[in-house]
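Please treat every number below as a calculation from the coordinates, not as lab data. Keep in mind the model is a prediction, meaning the values are calculated, not measured. A quick note on method: Cβ atoms are made from the backbone with ideal geometry, for glycine too, and the neighbour counts reach across all protein chains shown.
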Amino acid sequence: MELSVSDLAVSLGNRQVLRGVAAAFRPGRVTAILGPNGSGKSTLVRTLAGLLDADAGHVRIDGRHIARIEPRERARLIGYLPQDATVHWNVRVRDLVALGRLPHRSPFAGESEADAMAIGAALAATDTFPLAARATDALSGGERARVLLARVLAGEPRWLLADEPLASLDPVHQLALLDQLRALAASGMGVVIVLHDLIQAARAADDVLLLKAGEVVAFGPAAEALTHQPLREAFGVEVMIVPDEQGRLLPVPIGRTKA
């Protein structure tokens, strides 16, 4: 079930944020979206999720225009985790995670066995089982971020779109989340995440889309996109490419490009 955009243009107010964006994201792979601040990363993810309308071009999932998919079905296909996700009610963690099952349940229906299993799996995947009985206003920022991810995963979407999911996490949970995203992709889910760290992207992503000023600089396998010329063009930095212990090539920034 491919998720794709073609010749996409999106404006916010009077400012055009994306122009001419084309990419085909594949299930079973982690795709990282990177770019300088203001390059349109969050706007692209929100448009992929069907939350913003395009001025031109299309977003398709499995060949279907996303704007023509009924919202309830779309919520079963795409799970979206925003950068500034908040919790509006002080409920138990498990009750919050259970809200992720709403697209799968008839109105006023009780929790089914399938719901309970999906909720348990989401809590386990995000290491939030020990928090299940806690009130959400008693959580730290990092704990809340993991619980909100669990809510998305409880919906068992075909695609996970996450905008800077590592921002509130400590290093241990950042690494754990990246491992979990790779495991989700290995199970067949499509994963698209916005990241800032080049090394994290090189370690976690199969594919990388580089944006600058709303346009695509590079899109393809991480080992090709995270190389000298694309990173010079996108970020204005010079990098040193070094292999890690598993042979993955990591772009380590070493300075700004010379004018």
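Using a Förster radius of 35 Å, what is the FRET efficiency between residue 246 and residue 83 based on their Cβ-Cβ separation? Nearest 0.05, please. Once the sixth-power term is evaluated, E becomes 0.75. Centre-to-centre separation between the Cα atoms of the stretch 37-58 and those of the stretch 72-122: 24 Å.
Comparing 62, 207, 179 in a Gaussian network model of the chain, where Cα atoms under 10 Å apart are tied by springs, the biggest mean-square fluctuation is seen for 62.
For the stretch 165-259, which GluC sites (Glu not before Pro) pass both filters: DSSP loop (anything but H, G, I, E, B) and at most 15 other C-beta atoms within 10 Å? Those that pass, being in a loop and sparsely packed, are 245. Among beta bridges identified by DSSP and lying wholly in the chain, the antiparallel ones come to about 60 percent. For the stretch 64-159, the set of GluC sites (Glu not before Pro) satisfying both a DSSP loop assignment and a count of at most 15 other C-beta atoms within 10 Å is given as 111.
Just want to confirm a number: the relative contact order over the chain, from Cα pairs under 8 angstrom separated by 6+ residues, in percent.
24 percent.
Placing one equal scatterer on every Cα of the chain and applying the Debye formula, the log10 ratio I(q)/I(0) at q = 0.10, 0.12, 0.15 Å⁻¹ is -0.51, -0.73, -1.10. For the chain, the residue among 102, 173, 123 whose Cα projects farthest onto the positive side of the dipole built from Cβ charges is 102. Centroid-to-centroid, using Cα positions, the stretch 158-173 and the stretch 194-259 are 19 Å apart.
Rounded to the nearest 0.05, the FRET efficiency derived from the C-beta distance between residue 106 and residue 179 at R0 = 45 Å is 0.80.
As a length-normalised measure over Cα pairs under 8 Å and 6 or more apart, the relative contact order of the stretch 168-222 settles at 22 percent. Estimated from the Cβ-Cβ distance and a Förster radius of 22 angstrom, the FRET efficiency linking residue 135 and residue 167 is about 0.45.
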